[in-house]
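Peer 1: The following block contains the structure, expressed as C-alpha coordinates.
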Amino acid sequence: MTQDASPTAAKKLFIKTYGCQMNVYDSQRMAEAMGAEGYELTEDQAEADMVLLNTCHIREKAAEKLYSDLGRLKPLKAEKPDLKIGVAGCVAQAEGAEIIRRMPLVDLVVGPQTYHRLPAMMRGEAPAVLTDFPEEDKFDHLPERRATRRAPAAFLTVQEGCDKFCAFCVVPYTRGAEVSRPVDRILREARDLVARGVREITLLGQNVNGWHGQGPDGREWGFGRLIRAIAEIDGLDRIRYTTSHPNDMADDLIAAHRDIPALMPYLHLPVQSGSDRILKAMNRKHTAEQYLRLIDRIREARPDILLTSDFIVGFPGETDQDHADTLRLVEQVGFGTAFSFKYSPRPGTPAYDRAEVEGAIADARLQELQALLTRQQRAAQESMVGRTVSVLFEKPGRETGQMVGKSDYLHSVFVEAPQAQVGDLVQVRILESAPNSLRGALLD
Ligand code: SAH
Ligand code: SF4
Ligand code: F3S
(Lines give C-alpha, C1' and ligand atoms only; values in the text may rest on other atoms or scores of the structure.)
(Ligands and ions follow the chains in the order given, each with its own letter.)
Protein backbone atom coordinates (compact mmCIF):
# COMPACT_ATOMS: atom_id res chain seq x y z
CA MET A 1 0.00 0.00 0.00
CA THR A 2 1.36 3.39 -0.88
CA GLN A 3 1.10 6.12 1.69
CA ASP A 4 -0.34 9.47 0.77
CA ALA A 5 1.64 12.45 1.92
CA SER A 6 -0.31 13.76 4.90
CA PRO A 7 -0.49 17.52 5.47
CA THR A 8 1.90 17.11 8.41
CA ALA A 9 4.50 15.19 6.38
CA ALA A 10 7.98 16.64 6.76
CA LYS A 11 9.19 18.88 3.99
CA LYS A 12 12.37 17.82 2.26
CA LEU A 13 15.60 19.77 2.18
CA PHE A 14 18.42 19.01 -0.23
CA ILE A 15 21.80 20.60 0.53
CA LYS A 16 24.83 20.61 -1.73
CA THR A 17 28.07 21.69 -0.10
CA TYR A 18 31.10 23.04 -1.95
CA GLY A 19 34.43 24.22 -0.54
CA CYS A 20 36.07 23.66 2.82
CA GLN A 21 35.16 21.81 6.02
CA MET A 22 33.80 25.03 7.49
CA ASN A 23 31.08 24.86 4.87
CA VAL A 24 30.43 21.20 5.73
CA TYR A 25 29.93 22.25 9.34
CA ASP A 26 27.70 25.19 8.34
CA SER A 27 25.57 22.89 6.17
CA GLN A 28 24.93 20.67 9.20
CA ARG A 29 23.98 23.67 11.31
CA MET A 30 21.64 24.96 8.57
CA ALA A 31 20.07 21.49 8.29
CA GLU A 32 19.47 21.53 12.05
CA ALA A 33 18.00 25.04 11.92
CA MET A 34 15.64 23.99 9.13
CA GLY A 35 14.96 20.71 10.97
CA ALA A 36 13.42 22.78 13.76
CA GLU A 37 11.04 24.15 11.06
CA GLY A 38 9.96 20.67 10.02
CA TYR A 39 12.42 20.08 7.18
CA GLU A 40 14.08 16.71 6.81
CA LEU A 41 17.23 16.11 4.75
CA THR A 42 16.98 14.23 1.48
CA GLU A 43 19.71 12.90 -0.81
CA ASP A 44 17.38 13.15 -3.79
CA GLN A 45 17.20 16.62 -5.27
CA ALA A 46 14.11 15.72 -7.33
CA GLU A 47 11.93 15.23 -4.21
CA ALA A 48 13.14 18.39 -2.46
CA ASP A 49 10.88 21.24 -1.34
CA MET A 50 13.97 23.32 -0.77
CA VAL A 51 17.39 23.19 -2.42
CA LEU A 52 20.24 24.93 -0.65
CA LEU A 53 23.60 25.39 -2.36
CA ASN A 54 26.34 26.17 0.16
CA THR A 55 28.99 27.72 -2.02
CA CYS A 56 32.74 28.41 -2.21
CA HIS A 57 34.39 31.48 -3.72
CA ILE A 58 38.05 30.56 -3.31
CA ARG A 59 38.89 30.06 -6.99
CA GLU A 60 37.01 31.15 -10.09
CA LYS A 61 36.10 27.57 -11.02
CA ALA A 62 34.60 26.91 -7.58
CA ALA A 63 32.44 30.02 -7.85
CA GLU A 64 31.31 29.27 -11.41
CA LYS A 65 30.02 25.84 -10.34
CA LEU A 66 27.14 27.62 -8.61
CA TYR A 67 25.83 29.00 -11.90
CA SER A 68 26.06 25.71 -13.76
CA ASP A 69 24.22 23.98 -10.90
CA LEU A 70 21.56 26.70 -10.85
CA GLY A 71 21.15 26.27 -14.61
CA ARG A 72 20.51 22.57 -14.09
CA LEU A 73 17.82 23.39 -11.50
CA LYS A 74 15.68 25.27 -14.04
CA PRO A 75 13.60 22.24 -15.18
CA LEU A 76 12.92 21.21 -11.57
CA LYS A 77 11.76 24.70 -10.64
CA ALA A 78 9.55 24.81 -13.75
CA GLU A 79 7.96 21.53 -12.73
CA LYS A 80 7.65 22.50 -9.04
CA PRO A 81 6.99 26.25 -8.82
CA ASP A 82 6.83 26.04 -4.99
CA LEU A 83 10.39 24.76 -4.82
CA LYS A 84 12.54 27.18 -2.80
CA ILE A 85 16.11 27.67 -3.95
CA GLY A 86 18.62 29.19 -1.58
CA VAL A 87 22.26 30.14 -2.08
CA ALA A 88 24.43 30.18 1.05
CA GLY A 89 28.15 30.39 1.75
CA CYS A 90 30.98 32.42 0.32
CA VAL A 91 29.62 33.17 -3.18
CA ALA A 92 26.43 34.35 -1.49
CA GLN A 93 28.50 36.70 0.63
CA ALA A 94 30.63 37.95 -2.27
CA GLU A 95 27.87 38.43 -4.86
CA GLY A 96 24.71 38.98 -2.80
CA ALA A 97 21.67 40.21 -4.76
CA GLU A 98 23.63 39.92 -8.01
CA ILE A 99 22.96 36.15 -7.86
CA ILE A 100 19.19 36.71 -8.04
CA ARG A 101 19.62 39.24 -10.86
CA ARG A 102 21.64 36.72 -12.85
CA MET A 103 19.48 33.73 -11.85
CA PRO A 104 15.91 34.82 -10.98
CA LEU A 105 14.99 31.28 -9.94
CA VAL A 106 16.94 31.86 -6.70
CA ASP A 107 14.62 32.74 -3.80
CA LEU A 108 17.12 33.64 -1.12
CA VAL A 109 20.77 34.45 -0.60
CA VAL A 110 22.37 34.08 2.82
CA GLY A 111 25.98 34.68 3.88
CA PRO A 112 28.11 32.57 6.24
CA GLN A 113 27.50 34.86 9.23
CA THR A 114 23.73 35.27 8.81
CA TYR A 115 22.42 31.76 8.21
CA HIS A 116 20.80 31.56 11.64
CA ARG A 117 18.12 33.75 10.03
CA LEU A 118 17.41 31.21 7.29
CA PRO A 119 14.15 29.99 8.94
CA ALA A 120 12.90 33.59 9.20
CA MET A 121 13.87 34.19 5.56
CA MET A 122 11.92 31.10 4.54
CA ARG A 123 8.87 32.35 6.42
CA GLY A 124 9.18 35.71 4.65
CA GLU A 125 9.97 37.43 7.96
CA ALA A 126 13.44 38.55 6.92
CA PRO A 127 14.83 40.00 3.68
CA ALA A 128 15.51 37.56 0.84
CA VAL A 129 19.15 38.64 0.70
CA LEU A 130 21.11 38.72 3.96
CA THR A 131 24.84 39.22 3.69
CA ASP A 132 25.72 41.66 6.45
CA PHE A 133 28.19 40.87 9.22
CA PRO A 134 25.84 41.23 12.20
CA GLU A 135 26.95 42.21 15.69
CA GLU A 136 25.09 39.21 17.08
CA ASP A 137 26.73 35.78 17.06
CA LYS A 138 24.89 33.33 14.83
CA PHE A 139 25.78 30.48 17.20
CA ASP A 140 23.67 32.08 19.93
CA HIS A 141 20.62 31.85 17.67
CA LEU A 142 21.00 28.37 16.25
CA PRO A 143 19.30 25.34 17.78
CA GLU A 144 21.50 23.34 20.16
CA ARG A 145 23.13 20.39 18.46
CA ARG A 146 20.76 17.74 19.73
CA ALA A 147 19.05 16.78 16.50
CA THR A 148 20.44 13.33 15.78
CA ARG A 149 22.80 10.61 16.79
CA ARG A 150 26.12 11.47 15.19
CA ALA A 151 28.75 9.82 13.08
CA PRO A 152 31.87 8.95 15.11
CA ALA A 153 33.88 11.86 13.68
CA ALA A 154 32.56 15.43 13.74
CA PHE A 155 33.59 18.98 12.93
CA LEU A 156 33.38 21.84 15.39
CA THR A 157 33.98 25.41 14.24
CA VAL A 158 35.84 27.30 16.98
CA GLN A 159 36.78 30.37 14.99
CA GLU A 160 35.20 32.34 12.19
CA GLY A 161 36.71 34.65 9.60
CA CYS A 162 40.29 35.66 8.97
CA ASP A 163 42.39 38.79 9.50
CA LYS A 164 45.49 37.69 7.60
CA PHE A 165 44.67 39.18 4.18
CA CYS A 166 46.93 37.04 2.03
CA ALA A 167 47.09 38.89 -1.29
CA PHE A 168 45.33 36.15 -3.27
CA CYS A 169 42.55 35.21 -0.86
CA VAL A 170 38.84 36.05 -0.64
CA VAL A 171 38.23 34.55 2.80
CA PRO A 172 38.69 37.76 4.85
CA TYR A 173 36.00 39.32 2.64
CA THR A 174 33.58 36.38 2.46
CA ARG A 175 33.83 35.29 6.08
CA GLY A 176 34.60 38.60 7.70
CA ALA A 177 36.85 39.45 10.64
CA GLU A 178 38.46 36.76 12.75
CA VAL A 179 36.29 35.89 15.76
CA SER A 180 37.08 33.19 18.32
CA ARG A 181 34.09 31.45 19.89
CA PRO A 182 34.08 31.49 23.71
CA VAL A 183 35.56 28.56 25.64
CA ASP A 184 32.34 27.57 27.43
CA ARG A 185 30.38 27.33 24.17
CA ILE A 186 33.07 25.23 22.53
CA LEU A 187 33.32 22.87 25.50
CA ARG A 188 29.56 22.56 25.72
CA GLU A 189 29.27 21.72 22.03
CA ALA A 190 32.16 19.25 22.25
CA ARG A 191 30.61 17.48 25.29
CA ASP A 192 27.28 17.35 23.52
CA LEU A 193 28.85 15.78 20.44
CA VAL A 194 30.59 13.17 22.59
CA ALA A 195 27.31 12.41 24.40
CA ARG A 196 25.86 11.72 20.96
CA GLY A 197 28.49 9.11 20.09
CA VAL A 198 31.28 11.25 18.62
CA ARG A 199 34.81 9.96 19.39
CA GLU A 200 36.83 12.28 17.16
CA ILE A 201 36.46 16.04 16.84
CA THR A 202 38.16 18.22 14.24
CA LEU A 203 38.34 21.83 15.41
CA LEU A 204 37.80 24.22 12.52
CA GLY A 205 38.81 27.74 11.60
CA GLN A 206 40.49 29.33 8.57
CA ASN A 207 43.28 30.28 10.93
CA VAL A 208 42.33 27.92 13.73
CA ASN A 209 45.62 28.01 15.61
CA GLY A 210 45.13 31.77 16.06
CA TRP A 211 42.12 30.97 18.29
CA HIS A 212 42.27 32.72 21.68
CA GLY A 213 39.85 33.41 24.47
CA GLN A 214 39.33 33.77 28.17
CA GLY A 215 39.44 30.49 30.09
CA PRO A 216 37.22 29.63 33.06
CA ASP A 217 40.32 30.35 35.20
CA GLY A 218 40.09 34.00 34.09
CA ARG A 219 43.33 33.71 32.10
CA GLU A 220 43.87 34.33 28.42
CA TRP A 221 43.95 30.95 26.69
CA GLY A 222 45.67 30.12 23.43
CA PHE A 223 44.75 27.28 21.11
CA GLY A 224 47.08 24.77 22.81
CA ARG A 225 45.34 25.38 26.13
CA LEU A 226 41.94 24.91 24.51
CA ILE A 227 43.05 21.56 23.11
CA ARG A 228 44.19 20.50 26.58
CA ALA A 229 40.74 21.32 27.98
CA ILE A 230 38.94 19.46 25.19
CA ALA A 231 41.21 16.44 25.64
CA GLU A 232 39.84 16.07 29.19
CA ILE A 233 36.34 15.28 27.94
CA ASP A 234 35.54 11.69 28.86
CA GLY A 235 34.88 9.51 25.85
CA LEU A 236 36.66 11.76 23.35
CA ASP A 237 39.50 9.74 21.82
CA ARG A 238 40.83 11.92 19.05
CA ILE A 239 41.35 15.61 18.36
CA ARG A 240 42.39 17.20 15.09
CA TYR A 241 42.35 20.77 13.82
CA THR A 242 42.51 22.61 10.52
CA THR A 243 43.61 25.02 8.98
CA SER A 244 46.65 26.54 10.60
CA HIS A 245 48.86 29.46 9.72
CA PRO A 246 52.63 29.01 10.26
CA ASN A 247 52.87 32.32 12.15
CA ASP A 248 50.41 31.14 14.80
CA MET A 249 52.10 27.86 15.78
CA ALA A 250 52.69 28.89 19.42
CA ASP A 251 55.05 26.92 21.67
CA ASP A 252 52.13 25.71 23.75
CA LEU A 253 50.47 24.21 20.68
CA ILE A 254 53.67 22.50 19.58
CA ALA A 255 54.05 21.13 23.12
CA ALA A 256 50.47 19.82 22.97
CA HIS A 257 51.55 17.61 20.06
CA ARG A 258 54.15 16.10 22.38
CA ASP A 259 52.01 15.85 25.53
CA ILE A 260 48.47 14.99 24.51
CA PRO A 261 47.89 11.46 23.23
CA ALA A 262 44.42 12.37 21.88
CA LEU A 263 45.90 15.04 19.62
CA MET A 264 46.52 13.16 16.40
CA PRO A 265 49.96 13.21 14.74
CA TYR A 266 48.77 15.08 11.69
CA LEU A 267 49.15 18.75 10.79
CA HIS A 268 47.94 20.69 7.78
CA LEU A 269 50.21 23.71 7.59
CA PRO A 270 49.86 25.59 4.29
CA VAL A 271 53.00 27.33 3.05
CA GLN A 272 51.84 28.30 -0.49
CA SER A 273 55.36 28.86 -1.89
CA GLY A 274 59.01 28.15 -1.13
CA SER A 275 60.23 31.47 -2.52
CA ASP A 276 60.78 34.38 -0.14
CA ARG A 277 60.01 36.89 -2.90
CA ILE A 278 56.66 35.25 -3.60
CA LEU A 279 55.84 34.73 0.09
CA LYS A 280 56.38 38.45 0.55
CA ALA A 281 54.23 39.32 -2.47
CA MET A 282 51.55 37.01 -1.05
CA ASN A 283 51.68 38.84 2.30
CA ARG A 284 52.33 35.57 4.14
CA LYS A 285 54.71 37.35 6.55
CA HIS A 286 57.27 34.57 6.94
CA THR A 287 60.18 33.20 4.93
CA ALA A 288 60.84 29.70 3.63
CA GLU A 289 63.62 29.31 6.19
CA GLN A 290 61.27 30.24 9.05
CA TYR A 291 58.82 27.62 7.85
CA LEU A 292 61.53 24.97 7.71
CA ARG A 293 62.75 25.82 11.24
CA LEU A 294 59.15 25.62 12.47
CA ILE A 295 58.79 22.16 10.92
CA ASP A 296 61.98 21.13 12.74
CA ARG A 297 60.51 22.20 16.07
CA ILE A 298 57.22 20.44 15.42
CA ARG A 299 59.03 17.24 14.46
CA GLU A 300 61.15 17.49 17.57
CA ALA A 301 57.96 17.51 19.65
CA ARG A 302 56.26 14.76 17.63
CA PRO A 303 58.72 12.92 15.36
CA ASP A 304 56.11 10.78 13.57
CA ILE A 305 53.80 13.71 12.70
CA LEU A 306 52.43 13.64 9.15
CA LEU A 307 52.60 17.05 7.52
CA THR A 308 50.41 18.33 4.72
CA SER A 309 50.24 21.68 2.99
CA ASP A 310 48.69 23.88 0.30
CA PHE A 311 50.56 25.43 -2.62
CA ILE A 312 49.70 28.04 -5.21
CA VAL A 313 51.67 27.98 -8.46
CA GLY A 314 51.79 30.80 -10.98
CA PHE A 315 51.25 33.57 -8.47
CA PRO A 316 51.87 36.93 -10.25
CA GLY A 317 55.60 37.51 -10.63
CA GLU A 318 56.59 33.87 -10.05
CA THR A 319 59.76 33.02 -12.02
CA ASP A 320 61.37 29.68 -12.81
CA GLN A 321 63.72 30.30 -9.89
CA ASP A 322 60.80 30.91 -7.49
CA HIS A 323 59.21 27.69 -8.68
CA ALA A 324 62.49 25.83 -8.16
CA ASP A 325 62.57 27.21 -4.60
CA THR A 326 59.12 25.75 -3.99
CA LEU A 327 60.21 22.34 -5.27
CA ARG A 328 63.25 22.51 -3.02
CA LEU A 329 61.16 23.31 0.03
CA VAL A 330 58.91 20.34 -0.74
CA GLU A 331 61.97 18.08 -1.03
CA GLN A 332 63.29 19.38 2.28
CA VAL A 333 60.06 18.86 4.24
CA GLY A 334 58.68 15.64 2.79
CA PHE A 335 54.89 15.99 2.97
CA GLY A 336 52.41 13.20 3.62
CA THR A 337 50.16 14.73 1.04
CA ALA A 338 49.45 18.25 -0.20
CA PHE A 339 47.03 20.26 -2.27
CA SER A 340 48.33 22.44 -5.07
CA PHE A 341 46.39 24.95 -7.12
CA LYS A 342 46.99 27.15 -10.10
CA TYR A 343 46.62 30.77 -9.06
CA SER A 344 43.18 32.18 -9.77
CA PRO A 345 42.80 35.98 -9.66
CA ARG A 346 39.91 36.90 -7.37
CA PRO A 347 38.04 40.21 -7.68
CA GLY A 348 38.56 42.48 -4.69
CA THR A 349 41.84 40.90 -3.54
CA PRO A 350 45.13 42.86 -3.61
CA ALA A 351 46.73 40.58 -6.23
CA TYR A 352 43.77 40.77 -8.61
CA ASP A 353 45.25 43.34 -11.00
CA ARG A 354 48.82 42.05 -11.00
CA ALA A 355 50.24 40.73 -14.27
CA GLU A 356 49.61 37.00 -14.53
CA VAL A 357 52.05 34.23 -15.28
CA GLU A 358 51.39 32.76 -18.73
CA GLY A 359 48.83 29.95 -18.46
CA ALA A 360 50.92 27.25 -20.13
CA ILE A 361 53.87 27.98 -17.85
CA ALA A 362 51.69 27.80 -14.74
CA ASP A 363 50.17 24.52 -15.97
CA ALA A 364 53.61 22.98 -16.47
CA ARG A 365 54.72 24.09 -13.00
CA LEU A 366 51.57 22.68 -11.45
CA GLN A 367 52.19 19.32 -13.11
CA GLU A 368 55.77 19.24 -11.94
CA LEU A 369 54.84 20.09 -8.36
CA GLN A 370 51.97 17.61 -8.29
CA ALA A 371 54.20 14.82 -9.58
CA LEU A 372 56.64 15.47 -6.74
CA LEU A 373 53.85 15.65 -4.14
CA THR A 374 52.34 12.40 -5.45
CA ARG A 375 55.71 10.66 -5.06
CA GLN A 376 55.92 11.92 -1.49
CA GLN A 377 52.38 10.76 -0.76
CA ARG A 378 53.20 7.27 -2.07
CA ALA A 379 56.36 7.15 0.02
CA ALA A 380 54.50 8.24 3.18
CA GLN A 381 51.87 5.57 2.61
CA GLU A 382 54.46 2.88 1.87
CA SER A 383 56.21 3.77 5.12
CA MET A 384 53.04 2.77 6.99
CA VAL A 385 53.20 -0.84 5.75
CA GLY A 386 54.10 -3.11 8.66
CA ARG A 387 53.18 -0.51 11.26
CA THR A 388 50.35 -0.70 13.77
CA VAL A 389 47.95 2.24 13.81
CA SER A 390 44.59 2.98 15.39
CA VAL A 391 41.61 3.18 13.06
CA LEU A 392 38.22 4.73 13.83
CA PHE A 393 35.63 2.94 11.70
CA GLU A 394 33.42 5.45 9.90
CA LYS A 395 31.47 3.28 7.44
CA PRO A 396 31.26 -0.15 5.82
CA GLY A 397 33.81 -0.71 3.05
CA ARG A 398 33.22 -1.65 -0.57
CA GLU A 399 33.29 -5.40 0.11
CA THR A 400 31.08 -7.32 2.54
CA GLY A 401 32.57 -7.71 5.99
CA GLN A 402 34.86 -4.77 5.33
CA MET A 403 35.05 -1.52 7.29
CA VAL A 404 36.78 1.72 6.43
CA GLY A 405 38.06 4.38 8.77
CA LYS A 406 40.84 6.86 9.34
CA SER A 407 44.20 6.11 10.91
CA ASP A 408 45.93 8.44 13.37
CA TYR A 409 47.64 9.93 10.30
CA LEU A 410 44.31 10.48 8.51
CA HIS A 411 44.92 7.76 5.94
CA SER A 412 41.80 5.88 4.84
CA VAL A 413 42.26 2.26 5.92
CA PHE A 414 40.20 -0.69 4.65
CA VAL A 415 39.96 -3.58 7.13
CA GLU A 416 38.34 -7.02 7.04
CA ALA A 417 36.19 -6.81 10.19
CA PRO A 418 32.84 -8.60 9.91
CA GLN A 419 32.04 -8.26 13.63
CA ALA A 420 32.92 -4.59 13.87
CA GLN A 421 30.60 -1.59 14.01
CA VAL A 422 30.82 1.98 12.89
CA GLY A 423 32.38 3.92 15.77
CA ASP A 424 34.76 1.14 16.84
CA LEU A 425 38.31 2.32 17.47
CA VAL A 426 40.65 -0.58 16.79
CA GLN A 427 44.32 -1.43 16.41
CA VAL A 428 45.24 -2.35 12.85
CA ARG A 429 48.40 -3.64 11.24
CA ILE A 430 48.95 -2.06 7.82
CA LEU A 431 49.47 -4.68 5.09
CA GLU A 432 49.42 -2.78 1.87
CA SER A 433 49.32 0.66 0.29
CA ALA A 434 46.93 1.47 -2.60
CA PRO A 435 46.99 4.79 -4.51
CA ASN A 436 44.75 6.68 -2.08
CA SER A 437 44.21 4.30 0.82
CA LEU A 438 45.76 1.58 2.94
CA ARG A 439 44.67 -1.97 3.68
CA GLY A 440 45.16 -3.44 7.12
CA ALA A 441 44.27 -6.37 9.39
CA LEU A 442 42.73 -6.27 12.86
CA LEU A 443 45.16 -6.91 15.67
CA ASP A 444 43.74 -8.98 18.49
N1 SAH B 1 43.18 29.51 5.72
C2 SAH B 1 43.92 28.60 4.97
C3 SAH B 1 43.55 28.48 3.52
C4 SAH B 1 42.18 28.65 3.07
S5 SAH B 1 41.92 28.53 1.35
C6 SAH B 1 45.37 29.02 5.00
O7 SAH B 1 45.72 30.10 5.35
O8 SAH B 1 46.17 28.24 4.63
C9 SAH B 1 42.62 26.97 0.94
C10 SAH B 1 43.71 27.06 -0.06
O11 SAH B 1 43.23 27.52 -1.29
C12 SAH B 1 44.82 28.00 0.28
O13 SAH B 1 45.72 27.47 1.20
C14 SAH B 1 45.45 28.28 -1.06
O15 SAH B 1 46.45 27.32 -1.34
C16 SAH B 1 44.27 28.09 -2.01
N17 SAH B 1 43.86 29.37 -2.57
C18 SAH B 1 43.34 30.41 -1.89
N19 SAH B 1 43.11 31.44 -2.73
C20 SAH B 1 43.50 31.04 -3.97
C21 SAH B 1 43.54 31.65 -5.25
N22 SAH B 1 43.13 32.89 -5.43
N23 SAH B 1 44.01 30.93 -6.30
C24 SAH B 1 44.44 29.66 -6.12
N25 SAH B 1 44.43 29.04 -4.94
C26 SAH B 1 43.97 29.71 -3.86
FE1 SF4 C 1 43.09 33.24 3.17
FE2 SF4 C 1 45.48 33.79 4.17
FE3 SF4 C 1 43.31 33.92 5.72
FE4 SF4 C 1 44.21 31.57 4.90
S5 SF4 C 1 45.31 32.99 6.24
S6 SF4 C 1 42.09 32.26 4.90
S7 SF4 C 1 44.95 32.04 2.85
S8 SF4 C 1 43.78 35.25 3.98
FE1 F3S D 1 35.59 28.38 0.04
FE2 F3S D 1 34.57 30.03 1.79
FE3 F3S D 1 35.74 27.81 2.62
S4 F3S D 1 35.64 30.60 -0.05
S5 F3S D 1 37.30 27.51 1.07
S6 F3S D 1 33.91 27.92 1.40
S7 F3S D 1 35.79 29.78 3.62
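The values are calculated or read from the model by the stated rules, or taken from the named source; none is laboratory data. The model shown is predicted, which means the values in this text are computed figures rather than measured ones. Counting neighbours? That spans all protein chains shown, and the Cβs are built from the backbone with ideal geometry, glycine included.
Peer 1: Does G197 meet the test of being outside the structural domain of L410 (by TED's automatic domain parsing), closer than 27 Å to C166 by Cβ and away from ligand 1 (no atom under 16 Å from the Cβ)?
Peer 2: No, not satisfied.
Peer 1: Here's a follow-up. Within the range 134-164, take every residue that is of a type in the set (A, V, I, L, M, F, W, C) and within 14 Å of ligand 3 (Cβ to nearest atom) and give me the one that is farthest from G111 (Cα to Cα).
Peer 2: Taking the candidates together, the pick is F155.
Peer 1: Next question, about the same structure. Can you find even one residue in the range 162-173 that is within 15 Å of ligand 2 (Cβ to nearest atom) and touching a helix residue (DSSP H, G or I) at 6+ places or on another chain (Cβ under 6 Å)?
Peer 2: Yes, the range 162-173 has at least one match.
Peer 1: I've got another one for you. Quick check: is even one residue across the range 105-116 out of contact with any Cys (no Cβ under 7 Å at 6 or more places or on another chain), over 30 Å from A281 (Cβ atoms) and touching a residue at least 60 places away in the same chain (Cβ under 8 Å)?
Peer 2: Scanning the range 105-116 turns up at least one residue that is out of contact with any Cys (no Cβ under 7 Å at 6 or more places or on another chain), over 30 Å from A281 (Cβ atoms) and touching a residue at least 60 places away in the same chain (Cβ under 8 Å).
Peer 1: A324 - would you say it is in a helix (DSSP H, G or I), surrounded by fewer than 20 Cβ atoms within 10 Å (Cβ to Cβ), of a type in the set (G, A, S) and over 25 Å from the mean Cα position of the chain (by Cα)?
Peer 2: Yes.
Peer 1: Also: Which of the residues that make up the range 411-421 are in a loop (DSSP other than H, G, I, E, B) and under 14 Å from T388 (Cα atoms)?
Peer 2: H411
Peer 1: Name the residues in the range 300-322 that are under 14 Å from L373 (Cα atoms) and away from ligand 3 (no atom under 16 Å from the Cβ), would you?
Peer 2: Scanning the range 300-322 gives L306, L307, V313.
Peer 1: Within the range 4-56, restricting attention to residues that are among the β-branched types (V, I, T) and closer than 24 Å to Y67 by Cβ, which residue is farthest from ligand 1 (Cβ to nearest atom)?
Peer 2: Here the answer is T42.
Peer 1: Another question, if that's okay. Within the range 271-289, which residues are surrounded by fewer than 16 Cβ atoms within 10 Å (Cβ to Cβ) and within 17 Å of F335 (Cα to Cα)?
Peer 2: Result: E289, single match.
Peer 1: Just one of D353, D325 is acidic (D, E) and touching a Gly at 6+ places or on another chain (Cβ under 9 Å); which is it?
Peer 2: Result of the check over D353, D325: D325.
Peer 1: For the range 252-297, how many residues meet the condition of being more than 16 Å from ligand 1 (Cβ to nearest atom) and either under 24 Å from the mean Cα position of the chain (by Cα) or closer than 22 Å to L236 by Cα (or both)?
Peer 2: Of the residues in that region, 13 qualify.
Peer 1: While we're looking at this one, here's another question. Out of the range 379-400, which residues are closer than 30 Å to E331 by Cα and either part of a loop (DSSP other than H, G, I, E, B) or of a type in the set (A, V, I, L, M, F, W, C) (or both)?
Peer 2: Within the range 379-400, A379, A380, S383, M384, V385, G386, R387, V389, V391 qualify.
Peer 1: Here is a further query. Within the range 62-83, identify whether any single residue is in contact with a Pro (Cβ under 9 Å, 6 or more places away or on another chain) and under 30 Å from F311 (Cα atoms), and answer yes or no.
Peer 2: Within the range 62-83, not a single residue is in contact with a Pro (Cβ under 9 Å, 6 or more places away or on another chain) and under 30 Å from F311 (Cα atoms).
Peer 1: Let me ask something else. Kindly provide the set of residues from the range 427-440 that are surrounded by fewer than 14 Cβ atoms within 10 Å (Cβ to Cβ) and outside any loop (DSSP other than H, G, I, E, B), ordered by number.
Peer 2: Q427
Peer 1: Say whether the condition of being over 25 Å from T157 (Cα atoms), at pLDDT 95 or above and either in contact with a Phe, Trp or Tyr (Cβ under 6 Å, 6 or more places away or on another chain) or surrounded by fewer than 20 Cβ atoms within 10 Å (Cβ to Cβ) (or both) is met by at least one residue in the range 15-35.
Peer 2: No - not one qualifying residue is present in the range 15-35.
Peer 1: Quick one: would you say V171 is of a type outside the set (S, T, Y), assigned by TED's automatic domain parsing to the domain that holds E98 and farther than 20 Å from R238 by Cβ?
Peer 2: For V171, the condition - of a type outside the set (S, T, Y), assigned by TED's automatic domain parsing to the domain that holds E98 and farther than 20 Å from R238 by Cβ - is not met.
Peer 1: Would you please name the residue that is nearest to ligand 2 (Cβ to nearest atom), looking only at residues in the range 343-366 that are surrounded by fewer than 13 Cβ atoms within 10 Å (Cβ to Cβ) and over 30 Å from Q93 (Cβ atoms)?
Peer 2: Among those residues, the one meeting the criterion is E358.
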